[in-house]
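Notes follow once the structure below has been shown.
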Amino acid sequence: MFCCGVLGVVVRRNAIVIFMSIELMLNAVNLSLVAFSSFLGDSTGQMLVFFVMVVAAAEAAIGLAIIIALFRNKQTVYVDEINILKW
Amino acid sequence: MDSFSTSELLATSPILMLSLFSLIAMLANALLKNSAKAVFGVSVVGIIASVICSIYTFDEPSLPQTAFSDMLLIGGYASFFSVLFLMIALFSICIAKPYLEKEQYHFGEYYVLILIATIGMLVLGSAADLISIFLGIEIMSVSFYVLAGYYRSKNSSSESALKYFLLGAFATGFLLYGIALIYGTTGTTNLLRIVTMYPQVFFDPLHLIGWGLILIGFAFKVAAVPFHMWVPDVYEGAPTSVTAFMSTGGKAAAFASFIITFSVPMSMHDERLTMVLAVLAAGSMIIGNWFGLSQTNLKRMLAYSSIAHAGYMIIGIASGLPLGQQGIAFYLVAYALTNLGAFGIISMLEGENGSNVNYEYYAGLGKRKPGLAALLAMFMFSLTGIPPFAGFIGKYYLFASAVQSKLTWLAILGVITSLFSTYYYLRVIVFMYFREAMDNTEIVLPRLAFVTVILCGIGIVLFGVFPSLIFDLMKSIF
């Protein structure tokens, strides 16, 4: 699942899909944290999952806001067309 | 689990104080008309209050060593970096106020975001647990994403915000997966307890992969090659005052945590890890300085220089010696003062829509504004590492730590790449003093920003001539 997310970020060109892939990576982390946590019989991992979820939600809000701000200026969400800043 | 005590609250007072003032600033922003000036005032008061708290916690024997079940370190190291971050925040908002007024983008939200980012830095600088490191990084970065896109109607600003956000969130994913793997192999996220598990778990491949992923996360935040792609674009596109804050505060916070975190795996003196760090350092120095040579935009040049400086500082971590760590801390102080000054000058001279940031505009500045030109020249000399400025002492200690830990090749590479960097730093000076000015319109300097820049200049000379002012402090904390 983590690898799927990484692959998604690298391959896809739509900013929103890239963003979804990043969320996929975070959820992969959550899943493995919960798995480790139940394997070790220790609750720290589950606590960390809550933090990750909160941060992911905050990040989603900020990220979508940034994408909307950019869309208002440029009318595109394709990262290949977002290229004023180069060299 | 024991519940927290009053002494813990007192010990974390710098963070709590700043959080309180950022809430006050947010309320003031919502309730008052014409609020930007009021919020600026509240922020300055909040930062100064937090500085006082940090100085109080620096060497107070009644306080515990750690707070909240070993989540945060208290005193010494944490307080030293807290004061550094808070001073960076203070200087950067003093530079930002006249700049944003000039650009007609002067809103209270800016200061609130700066305060929140600074809270993230304080958490990061005192974090002793992978959870608090993660939270600190995120509090800081999320505010930076917004700040980078602060000019919301400008293409370049929102583009840089998007790039920063996507790559930053991507790097966070790696950092988190690394944390998950380390938790899985050791059963704890606390750095102090992970060390006690060594050497049994260290050679577990999953554990090593975990450290590798965390390294990727940190390398991204400190802008080291090959995770540096975002730096030039973001530094150029973001508002100059934000770049000033991001390039100094963000880097300093990431390094403060980088030092603590990697002192854990470095305690095993593993050859491979040293080698990986050395290659990161070497790559950053070479690529940063090489691409710096061909830049025509001053902000972009400083972005590449920031990559190169990340390389110099990673030398200190690769050496694994207290000398290297002290070197990094000193270098961060010097770098922060220098870059705040340089970006402060750029922000004062910047025209409409990000114009006037090319080398050509600086032609003849030596005649038009001799004081400003002399200061900029000082900052460039300090970045190059020419005595008597602070940048030289920092570089000296870092290279010395490399030689002591038998990484002599790295020190030699550092010296050679610094020689390359001389070209593009001194080119600014050549433009200022040896080229004729193209336009002679009067430059009006805002007083607040000018005074701040002068303070930065005094700082680098002071710490360059008397480095013991900082080193005596650091002997007690490392």
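The values are calculated or read from the model by the stated rules, or taken from the named source; none is laboratory data. Predicted model only: the values in this text are computed from it and were never measured. Cβ placement follows ideal geometry from the backbone for every residue including glycine, while neighbour counts extend to all protein chains displayed. Remember, those area values only see protein heavy atoms, side chains included, never the ligands or the DNA or RNA. Shrake-Rupley method; radii C 1.70, N 1.55, O 1.52, S 1.80 Å.
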Query raised in the report: Roughly what would the spin-label model give for B:MET275 and B:THR422, points 7 Å off Cα along C-beta, in nm?
Result: 3.4 nm
Query raised in the report: Relative to the longest principal axis of chain B, what angle (0 to 90°, nearest 10) does the C-alpha long axis of helix B:205-222 take?
Result: 20 degrees
Requested in this report: Round to the nearest 10 and give me the degree value, 0 to 90, for the angle of helix A:44-74's Cα axis relative to the longest principal axis of chain A.
Outcome: 10 degrees
Query - Occluded residues from segment B:166-202, i.e. those whose accessible area drops by 30 Å² or more once the chain is not alone (1.4 Å probe) - result: B:LEU166, B:ALA169, B:PHE170, B:GLY173, B:PHE174, B:LEU176, B:TYR177, B:ALA180, B:TYR183, B:GLY184, B:GLY187
Report task. Considering only protein heavy atoms, with the full assembly of protein chains and a 1.4 angstrom probe, order B:TRP211, B:TRP409, B:TRP290 by accessible area, largest first. Result -> B:TRP290, B:TRP409, B:TRP211
**Report entry** segment A:1-60 and segment B:415-435: distance between their alpha carbon centers, rounded to Å
**Finding:** 45 Å
Report task. Would you calculate the separation in nanometres between label points at B:GLU360 and B:ILE52, each defined as 7 Å from the Cα along the Cα-to-beta-carbon direction? Result -> 5.2 nm
Query raised in the report: What whole-number value in cubic angstrom gives the convex hull volume per residue for the C-alpha atoms of segment B:326-452?
Result: 113 Å³
Query raised in the report: Can you give the calculated 222 nm mean residue ellipticity of chain B, where each DSSP H run of n ≥ 4 adds -39,500 (n - 2.57) and the sum is split over every residue, rounded to the nearest 500 deg cm²/dmol?
Result: -25000 deg cm²/dmol
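On a 1.4 Å probe surface of the protein chains, which of B:ASP204, B:ASP270, A:ASP80 comes out largest in accessible area, and what is the full order?
Of B:ASP204, B:ASP270, A:ASP80, the descending order of accessible area is A:ASP80, B:ASP204, B:ASP270.
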Report summary line: Over the Cα atoms of segment B:392-478 the radius of gyration and the largest Cα-Cα distance (Dmax), both in Å, equal 18.6, 55
Query raised in the report: What is the mean number of Cβ atoms from other protein chains located within 10 Å of the Cβ atom of each residue in peptide B:229-238, rounded to a whole number?
Result: 2
Report task. Please report the orientation-averaged projected area of chain B, defined via the convex hull of its C-alpha atoms, in nm². Result -> 21.1 nm²
Query raised in the report: At what distance in angstrom do the alpha carbon centres of segment B:108-123 and segment B:159-197 lie from each other?
Result: 22 Å
Query - Most positive-pole-ward Cα, B:PHE471, B:ALA437, B:GLY385, against dipole of segment B:383-478 from beta carbon charges - result: B:PHE471
Report summary line: For chain A, the dipole about the Cα centre with charges only on Cβ (Lys and Arg +1, Asp and Glu -1), to the nearest 20 debye, works out at 340 debye
Query - Farthest toward positive dipole pole in segment B:270-478 [+1 Lys/Arg, -1 Asp/Glu at C-beta], among B:LEU332, B:ALA374, B:SER405 - result: B:SER405
**Report entry** Unit charges at the beta carbon, dipole of chain A: most positive-side option, A:CYS4, A:VAL54, A:LEU40
**Finding:** A:CYS4
Requested in this report: Quick one: angle between helix B:130-148 and the longest Cα principal axis of chain B, in degrees between 0 and 90, rounded to 10, please.
Outcome: 20 degrees
Report summary line: So the B/A interface buries, both sides summed and with a 1.4 Å probe, an accessible area in Å² (nearest 100) of 3600 Å²
Query raised in the report: Just how large is the dipole of the protein assembly as shown about the Cα centre, in debye to the nearest 20, putting +1 at every Lys and Arg Cβ and -1 at every Asp and Glu Cβ?
Result: 1160 debye
Report summary line: Accessible-area loss of at least 10 Å² (1.4 Å probe, chain alone to full protein assembly) applies in segment A:12-30 to A:ALA15, A:ILE18, A:PHE19, A:ILE22, A:MET25, A:LEU26, A:VAL29
Report summary line: Note: B:ILE209 to B:ALA30 extended length (0.36 nm per residue) minus current alpha-carbon separation gives 59.8 nm
Query - Entries in B:LYS102/B:LYS154; B:LYS221/B:LYS406; B:LYS102/B:LYS251; B:LYS102/B:LYS221; B:LYS221/B:LYS395; B:LYS251/B:LYS299 that, when Cα-Cα distance is taken, lie over 19 Å - result: B:LYS221/B:LYS406; B:LYS102/B:LYS251; B:LYS102/B:LYS221; B:LYS221/B:LYS395
Query raised in the report: Within the accessible area of chain B, what % is carbon and sulfur when the probe is 1.4 Å and the other protein chains stay in place?
Result: 69 percent
**Report entry** Heavy atoms of B:ARG152 accessible to a 1.4 Å probe, total area in Å² rounded to 10
**Finding:** 140 Å²
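Is there a quick way to get the dipole size of segment B:270-478? I mean about its Cα centre, with the Cβ of Lys and Arg at +1 and of Asp and Glu at -1; what is the value in debye to the nearest 20?
Values: 12 positive and 9 negative charges, 41 e Å.
Using only the charged Cβ atoms, the result is roughly 200 debye.
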Query raised in the report: Just how far, in whole angstrom, is segment B:30-82 from segment B:369-399 if you go by their alpha carbon centroids?
Result: 30 Å
**Report entry** Residue order for B:PHE389, B:PHE134, B:PHE203 - accessible surface, 1.4 angstrom probe, largest first
**Finding:** B:PHE203, B:PHE389, B:PHE134
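Cα convex hull of the protein assembly as shown: how many Å³ per residue?
Given the Cα convex hull of the protein assembly as shown, per-residue volume reads 138 Å³.
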Query raised in the report: Using a basic spin-label model with each label point 7 Å from the Cα along Cα→Cβ, how many nm lie between B:SER263 and A:ALA61?
Result: 3.6 nm
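On the accessible surface of chain A, probed at 1.4 Å, how many percent belong to carbon and sulfur atoms?
69 percent
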Report summary line: Heavy-atom accessible area per residue of the protein assembly as shown, all protein chains kept, 1.4 Å probe, expressed in Å², is 38 Å²
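Between B:ILE412 and A:MET1, take the C-beta separation as r, use R0 = 45 Å, and let me know the FRET efficiency to the nearest 0.05.
Efficiency, rounded to the nearest 0.05: 0.50.
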Requested in this report: Sort the following peptides by mean Cβ neighbour count (other Cβ atoms within 10 Å, averaged over residues), highest first: B:308-315, B:466-473.
Outcome: B:308-315, B:466-473
Query raised in the report: How much mean residue ellipticity at 222 nm does chain A get from its helices, if each DSSP H run of length 4 or more adds -39500 (n - 2.57) and you divide by all residues, to the nearest 500 deg cm²/dmol?
Result: -27000 deg cm²/dmol
